[in-house]
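The structure under discussion appears below in the form of structure tokens.
The values are calculated or read from the model by the stated rules, or taken from the named source; none is laboratory data. Bear in mind that the values here come from a model prediction, so they are computed numbers and not experimental data. Quick reminder, even Gly has a Cβ in these numbers, built from the backbone with ideal geometry, and neighbours come from all protein chains shown.
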Amino acid sequence: RREPGAEPPDTTDLTALREAARECRGCGLYRDATDTVFGAGPREARIFALGEQPGDHEDRQGEPFVGPAGRLLDRALGDAGLDRDSLYLTNAVKHFKFKLRGKRRIHDKPARSEVVACRPWLLSELQAVGPRQILLLGATAAQSLYGTGFRLTQRRGEPLDPPEDFAGLFTSAVATVHPSAVLRAPERDTAYDAFVADLRVLG
Ligand code: URA
């Protein structure tokens, strides 16, 4: 049985969806997070970018991709000839999951059950925005749509057809690494250039 408030209301009004998502109890992550971080961007966006989950900065500010990973993403989008403000940006999981280390809140990877619990909200955003293309940032985002068998290392940077469950909701997707993986990469310039090359497949 689903928990109260775990199903999105039947609407394509992003403001109504965002408000309803604040009450979601579909998994336990709402307990420790500050607030739900819903997607942001124009509802007429042609590109829909999907990350993993909000980080510490996003959790405090209530907006997706406003921390270091978001800054790298903005720069890379610019270098690929895309404008962040024309994209709809959201996450596969809409609450920050973390472990406490002293006073610091350290990112903790969402469980598959949390990704699955959050999928109805992702579907509601896709129905509201009706994008042409999807940019999948990292394995969690890619597997949220394509299932756990999806191998990012093998499929990054190639146009993908929508999976059966999402048929008709978009035309094609491109998967790439998560921007925080670029920030952590030992060969950061090489990783950045490969990331921008994947973004160029969009558009
Ligand atoms: N990482 C994500 O996947 N999403 C954000 O919103 C921020 C960092």
Q.
Return the residues of the stretch 165-181 that are within 16 Å of the ligand (Cβ to nearest atom) and either loosely packed, with under 14 Cβ neighbours inside 10 Å or under 18 Å from Asp108 (Cα atoms) (or both); say none if nothing qualifies.
A. Val177, His178, Pro179, Ser180, Ala181
Q) If you scan the stretch 1-21, which residues turn out to be out of contact with any Cys (no Cβ under 9 Å at 6 or more places or on another chain), without any contact (Cβ under 8 Å) to a residue 24 or more places away in the chain and surrounded by 14 or more Cβ atoms within 10 Å (Cβ to Cβ)? A) Ala16, Arg18, Ala20
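Considering only the stretch 127-155, state which residues are more than 16 Å from the ligand (Cβ to nearest atom) and over 21 Å from Pro8 (Cβ atoms).
If we filter the stretch 127-155 for residues that are more than 16 Å from the ligand (Cβ to nearest atom), which is where we start, we get 127-133, 146-151, 153-155.
Within the stretch 127-155, Arg132, Gln133, Tyr146, Gly147, Thr148, Gly149, Phe150, Arg151, Thr153, Gln154, Arg155 qualify.
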Q. Considering only the stretch 25-45, how many residues are within 15 Å of Thr15 (Cβ to Cβ), out of contact with any Asp or Glu (no Cβ under 6 Å at 6 or more places or on another chain) and either among the small types (Gly, Ala, Ser) or buried (at least 19 other Cβ atoms within 10 Å of the Cβ) (or both)?
A. 3
(Q) Looking only at the stretch 20-69, how many residues end up being away from the ligand (no atom under 12 Å from the Cβ), among the small types (Gly, Ala, Ser) and assigned to a strand (DSSP E or B)? (A) 0
Q. Picking from Ala92, Ala80, which residue would you name as being closer than 23 Å to Arg156 by Cα, modelled with pLDDT of 95 or more, within 12 Å of the ligand (Cβ to nearest atom) and hydrophobic (A, V, I, L, M, F, W, C)?
A. Ala92
(Q) Considering only the stretch 87-104, I want to know if a residue exists there that is hydroxyl-bearing (Ser, Thr, Tyr) and in contact with a strand residue (DSSP E or B) (Cβ under 7 Å, 6 or more places away or on another chain). (A) yes
Q: Could you check, for the stretch 99-108, whether at least one of its residues is within 16 Å of the ligand (Cβ to nearest atom), crowded, with 24+ Cβ neighbours inside 10 Å and modelled with pLDDT of 95 or more?
A: no
Q: Starting from the stretch 109-137, take each residue that is more than 11 Å from Thr90 (Cβ to Cβ) and list its partners that are small (Gly, Ala, Ser) and in a helix (DSSP H, G or I), counting only C-beta distances under 6 angstrom and pairs at least six apart or across chains.
A: Val115/Ser144; Leu136/Ala142
Q.
Show the residue pairs meeting these rules: Cβ distance below 9 Å; 6+ apart or different chains; first residue within the stretch 184-198 and farther than 16 Å from Leu77 by Cα; second residue assigned to a helix (DSSP H, G or I).
A. Arg184/Ala191; Ala185/Ala191; Ala185/Tyr192; Arg188/Val182
